[in-house]
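> Just passing along the structure, written as structure tokens.
Just so it is clear, none of the values below were taken in a lab; they were calculated from the coordinates. If you're wondering where the values come from, they're calculated on a predicted model, not measured in any experiment. Ideal geometry is used to build each Cβ from the backbone, glycine not excepted, and the neighbour counts take in all protein chains shown.
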Amino acid sequence: MLAIVISIGLIGMITPILYTNSLALDQAQEGILDKLRSHTNAILFYSNSSEKTTFQGLATEYSDASGLRVTLIAADGTVIGESSIPITELQQMDNHIERPEVLAAQDFGEGSSTRYSNTLKIEFIYFAKKVDQNYYGFKFIRLAQTLKSVKDLAGTYREFYYLIIAFIVLVIIVAWFLLKNWLTDPIRELTQAADDISKGDLSRRININTGGIEIDELAANMNQMAMKLDEDFRRIKRMEKVRSEFLGNVTHELKTPISSISGYIETLLEGAIKDENVNLGFLERSLENVQRLEDLVTDLVEISRIETGELRMNFEYFNIHDLLNDLFKDAHQRNSNKNLKIQLEVPDKKLFIYGDKSRLDQVIANLLSNAMRYTDQGQIRIKVMRRDNELIFSIRDTGIGISRKALSRIFERFYRTDKARDRRKGGTGLGLAISKHIIEAHGSHIYVDSLKGKGSTFSFGITTISPE
């Protein structure tokens, strides 16, 4: 009888475990394919601005930035760029024209496959795309990522579920031999609750009070376990939602300028190129969208390096006065709005701080550009104050301001208070997120104070004390 009970319990729990594990693997692999597809488009734009003179250099450079394996393939299948090996071994690689993903890309424009790599002795998921060789110099671009993370995730799921199964089986055996008939109903309640939890009902709670310390404690522990599982599951779902939103935002941000460029070029090809009233305007707007794509790809690589910890700060003790003065002069030169005045206020010329000079330049330039972008008239004031062992930097404008509802979200990636208007104003939607990470890497925080229709003030502090 005990064997039958245990067998039934195991069958009831293993079935949803296998299904959940399979579903998690499928979702993880689909997520990797989406990532590779996005990076394939990104590297094509990245290749236009890369200073590398060889395909091997381009593949290695982008691989270092993204952490992906990059392979560039000629029309005959010859590998002309491979990030995973040195250039001296490039000619030893097999012809790739018969690779499944390359064959699919040849026929349908793109293709993918999952298999073991004989070159690197590890299993990869591959994604290949066919491109214009006359333009890029290669016919196929192929990106790959190892399946180690997917397998690790599957292994973690299995170990976790196996521990639950072992625990529940132990409870059944102990209860069967040690507890009396008057505890039969509580045991059945425990067993049923365990089965419900293993099937995914993490809201299930056990409500029993037998007076027996062991059973009551067991019920409490299982309730705690279910609550912890429920919390973990909710956290995983939130992370999945963030990932999906990020991929969706990246896709949308890339699609908008690409669609615009495509529309302008198609119109020109249909005859507008001969119309002197519009042809230069179309070309200029196409160039603006290309530059926007370059900025977006640069910011995406930047924030990816920051959030994965790959970007290191180069701290030094320096005088930031000249940097502020250069930014102030540059803003004056770019300002064509006669109704907008830009001011710089500093306590003196000896403004020594300890930080990353280039990154702080990036933060202040971004905040100043945002202020100019959203201020039609009035003034922008760049101000530096001394407070204890810090210099407090603030950029204040009399622009459109930010609503109270939006204030808590403006440092999120791609968040725009008015998406249509913000996109026309320019920017990638990543500047404030990058600035926030940089200031936090300096051990500080960036603050914002704003009133809708009145203007905004962004401020942060940087230490004046050198650790040396």
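> Quick one: Karplus J couplings for region 452-460, per residue in order, coefficients 6.51, -1.76, 1.60, θ = phi - 60°, nearest Hz, x for Gly and Pro?
Listing the rounded values in order: 3, x, 10, x, 9, 10, 10, 9, 7 Hz.
> A further question on this structure: Net charge within 10 Å of Val384 by Cβ-Cβ distance, Lys/Arg positive one each and Asp/Glu negative one each, not counting Val384 itself? Mind showing how you got there, number by number?
Values: positive: Lys383, Arg386; negative: Glu345, Asp348.
Result for the local shell: 0.
> Using θ = phi - 60° and the Karplus relation 6.51 cos²θ - 1.76 cosθ + 1.60, list the HN-Hα couplings for region 31-37 in order, rounded to whole Hz, with x at every Gly or Pro.
For region 31-37, the Karplus curve yields x, 5, 4, 4, 5, 5, 5 Hz.
> Going by average Cβ neighbours within 10 Å, how do the peptides 279-286, 365-372 rank, with the highest at the top?
365-372, 279-286
> Which of the residue pairs Lys329/Lys452; Lys35/Lys130; Lys405/Lys452; Lys35/Lys129 have a Cα-Cα distance greater than 21 Å in the structure shown?
Violating the 21 Å Cα-Cα cut-off are Lys329/Lys452.
> Something else now. How do Asp376, Asp196 line up, fewest other C-beta atoms within 10 Å first?
If I rank by nearby Cβ atoms, fewest first, I get Asp376, Asp196.
> Provide the per-residue ³J(HN,Hα) series for region 368-381, in order, calculated from phi with Karplus coefficients 6.51, -1.76, 1.60 and θ = phi - 60°, each as a whole number of Hz, with x at glycine and proline positions.
3J(HN,Hα) across region 368-381, in whole Hz: 5, 5, 4, 4, 5, 5, 10, 10, 8, 7, x, 8, 10, 10.
> With charges set only on the Cβ (+1 for Lys and Arg, -1 for Asp and Glu), what does the dipole of region 315-463 come to about its Cα centre, in debye to the nearest 20?
820 debye
> Right, next: Take the Cα pairs of region 362-401, get the Kirkwood Rh, then feed it into Stokes-Einstein at 37 °C and 0.692 mPa s and tell me D in µm²/s.
Result for D is 301 µm²/s.
> A further question follows. Computed on alpha carbon atoms, what radius of gyration and Dmax characterise region 50-146, expressed in Å?
According to the Cα coordinates of region 50-146, Rg and Dmax are 12.3, 33 Å.
> Between beta-carbons, use under 11 Å as the cut-off and find the net charge around Lys452, counting Lys and Arg +1, Asp and Glu -1.
Residues near Lys452 contribute +3 overall.
> Given 10 Å bins starting at zero, what is the percent of C-alpha pairs of region 315-463 in each, up to the one with the largest pair distance?
11, 43, 36, 10, 0
> What ranking of Leu143, Leu360 emerges when the number of other C-beta atoms within 10 Å of each C-beta is taken as an exposure proxy, fewest first? If you can, show how the numbers build up before the last one.
Values: Leu143 30, Leu360 23.
Lowest to highest Cβ neighbour count: Leu360, Leu143.
> Please list, in chain and number order, the residues 5+ apart from Leu311 or on another chain whose amide H is under 5 Å from its amide H, with Hs placed from the backbone.
When sequence neighbours closer than 5 places are left aside, the close amide H contacts are Ile306.
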